[in-house]
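The structure under discussion appears below in the form of structure tokens.
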Amino acid sequence: MEVPGASYVVLTLLVALFGALSWTYGRRLVTVTRVLRRGVRAEGECVRVETEPYQRSDARRHFFAFRTADGARVEFEDLAGRSTTEGTAVTVTYDPRDPGGTATVAGRGSWSPVLQSLALVAGCGMAAAGFTILLHFEITGGDR
């Protein structure tokens, strides 16, 4: 049984999902770029690595901690490579006005935070554009 308009709904939801992800990662890209140029650096470490259910190798969350110049401990989540384990020392860059919201891991041994965010923006943006094109062809029937 075919539900009329179901493909429109599915494609619209996919466009919205990947558009929202692209927007979110785009904002993170702007923040990371600004912080790397003007932020304060501190030594930190990976405090824990959480794996998602079913032990999927691609579903790891890395949490880092550092101390600000005034001694406050800040913990945050950021992207990291598979080689980053609990106890790995990292360099953290942050904006002193919002350490928890702007902190990023910036140092050797990790993929550049700018490149990570840029790859996510590009991938999600291309997915949103692709689904938009499919939705257009679905609506117009492939006619010009």
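The values are calculated or read from the model by the stated rules, or taken from the named source; none is laboratory data. It should be emphasised that the depicted structure is a prediction, and the values quoted were computed from it without experimental measurement. In this analysis, Cβ positions are derived from the backbone assuming ideal geometry, glycine residues included, and neighbour counts consider all displayed protein chains. Side chains are part of the model used for accessible areas, which takes the heavy atoms of the whole protein and leaves out ligands, DNA and RNA. Shrake-Rupley method; radii C 1.70, N 1.55, O 1.52, S 1.80 Å.
Test THR88 against the stated conditions and say whether it is crowded, with 19+ Cβ neighbours inside 10 Å, at pLDDT 90 or above, under 13 Å from the mean Cα position of the chain (by Cα) and of a type outside the set (D, E, K, R).
Answer is no for this residue.
Is it the case that GLU45 is in contact with a Gly (Cβ under 7 Å, 6 or more places away or on another chain), open to solvent by 80 Å² or more (accessible area, probe 1.4 Å), part of a strand (DSSP E or B) and more than 30 Å from GLU138 (Cα to Cα)?
On the way: in contact with a Gly (Cβ under 7 Å, 6 or more places away or on another chain): yes; open to solvent by 80 Å² or more (accessible area, probe 1.4 Å): yes; part of a strand (DSSP E or B): yes; more than 30 Å from GLU138 (Cα to Cα): yes.
Spelling it out, GLU45 is indeed in contact with a Gly (Cβ under 7 Å, 6 or more places away or on another chain), open to solvent by 80 Å² or more (accessible area, probe 1.4 Å), part of a strand (DSSP E or B) and more than 30 Å from GLU138 (Cα to Cα).
For the stretch 119-135, name all the residues that are surrounded by fewer than 17 Cβ atoms within 10 Å (Cβ to Cβ) and in contact (Cβ under 8 Å) with a residue 40 or more places away in the chain.
THR132, LEU134
Where residues in the stretch 92-114 are part of a helix (DSSP H, G or I) and crowded, with 16+ Cβ neighbours inside 10 Å, which of them is modelled with the lowest pLDDT?
PRO113
Does the stretch 115-138 include one or more residues that are modelled with pLDDT under 90 and either over 27 Å from PHE18 (Cβ atoms) or outside any helix (DSSP H, G or I) (or both)?
Scanning the stretch 115-138 turns up no residue that is modelled with pLDDT under 90 and either over 27 Å from PHE18 (Cβ atoms) or outside any helix (DSSP H, G or I) (or both).
Table: residues versus (1) in contact with a Lys or Arg (Cβ under 7 Å, 6 or more places away or on another chain); (2) assigned to a helix (DSSP H, G or I); (3) over 19 Å from THR84 (Cβ atoms).
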| position | (1), (2), (3) |
| --- | --- |
| VAL9 | no, yes, yes |
| ALA16 | no, yes, yes |
| ALA20 | no, yes, yes |
| LEU29 | no, yes, yes |
| ARG34 | no, yes, yes |
| ARG41 | no, no, no |
| PHE64 | no, no, no |
| ALA69 | no, no, yes |
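Determine which single condition PHE64 fails, assuming it passes every other condition in (1) touching a Gly at 6+ places or on another chain (Cβ under 9 Å); (2) open to solvent by 70 Å² or more (accessible area, probe 1.4 Å).
Every condition holds for PHE64 apart from (2).
Restricting attention to the stretch 1-47, report how many residues are of a type in the set (A, V, I, L, M), within 30 Å of ALA72 (Cα to Cα) and touching a residue at least 24 places away in the same chain (Cβ under 8 Å).
Going through the stretch 1-47 one residue at a time, the tally reaches 7.
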